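Since the structure comes first, as structure tokens, the remarks are kept for the end.
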Amino acid sequence: MGTATPRAACQAQWPNYSSHGKDCDEYPFSTTKEGAYNANGNFSARALTSRDNQKAGSQLSTWYNDDRILDGDAFYVNVK
């Protein structure tokens, strides 16, 4: 992506996104060891409505809990 952080990428693409009720969402998930902040520029980021981003984060947290994915556990994300 060429920028150091997801927030910088969102700001470059969508200036002042946060003042428009948006959050910067990134992949890989920030909650993982390989998260976007540790991805050396190999990540994707997009400004999403805060409500949608927070709902997705809540669903991700529920998945971690329901499937007992603990800190350090490996998992695979299949995107369809």
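The values are calculated or read from the model by the stated rules, or taken from the named source; none is laboratory data. Not measured: the values here are computed from a predicted model. Here the Cβ positions follow ideal geometry from the backbone for every residue, glycine too, while neighbour counts run over all protein chains shown. Protein only, heavy atoms only, side chains kept; ligands, DNA and RNA dropped before computing areas. Shrake-Rupley method; radii C 1.70, N 1.55, O 1.52, S 1.80 Å.
Quick one: in region 59-75, of everything that is charged (D, E, K, R) and part of a loop (DSSP other than H, G, I, E, B), which residue is least open to solvent (accessible area, probe 1.4 Å)?
Asp73
Taking into account only those residues within region 9-57 that are polar (S, T, N, Q) and within 19 Å of Val79 (Cβ to Cβ), which is surrounded by the most Cβ atoms within 10 Å (Cβ to Cβ)? Please lay out each step first, then the result.
Pass one, region 9-57, residues polar (S, T, N, Q): 11, 13, 16, 18-19, 30-32, 38, 40, 42, 44, 49-50, 53-54.
Checking the rest, the ones that are also within 19 Å of Val79 (Cβ to Cβ) come to 30-32, 42, 44, 53.
Numbers: Ser30: 16, Thr31: 12, Thr32: 19, Asn42: 10, Ser44: 13, Asn53: 17.
Among residues in region 9-57 that are polar (S, T, N, Q) and within 19 Å of Val79 (Cβ to Cβ), the one surrounded by the most Cβ atoms within 10 Å (Cβ to Cβ) is Thr32.
Which residues, taken from region 28-58, are outside any loop (DSSP other than H, G, I, E, B), of a type in the set (S, T, N, Q) and in contact (Cβ under 8 Å) with a residue 12 or more places away in the chain?
The first filter runs over region 28-58 and keeps only residues outside any loop (DSSP other than H, G, I, E, B), leaving 36-38, 44-58.
Restricting the remaining residues to those that are of a type in the set (S, T, N, Q) gives 38, 44, 49-50, 53-54, 58.
Hits for region 28-58 are Ser44, Thr49, Ser50, Asn53, Gln54.
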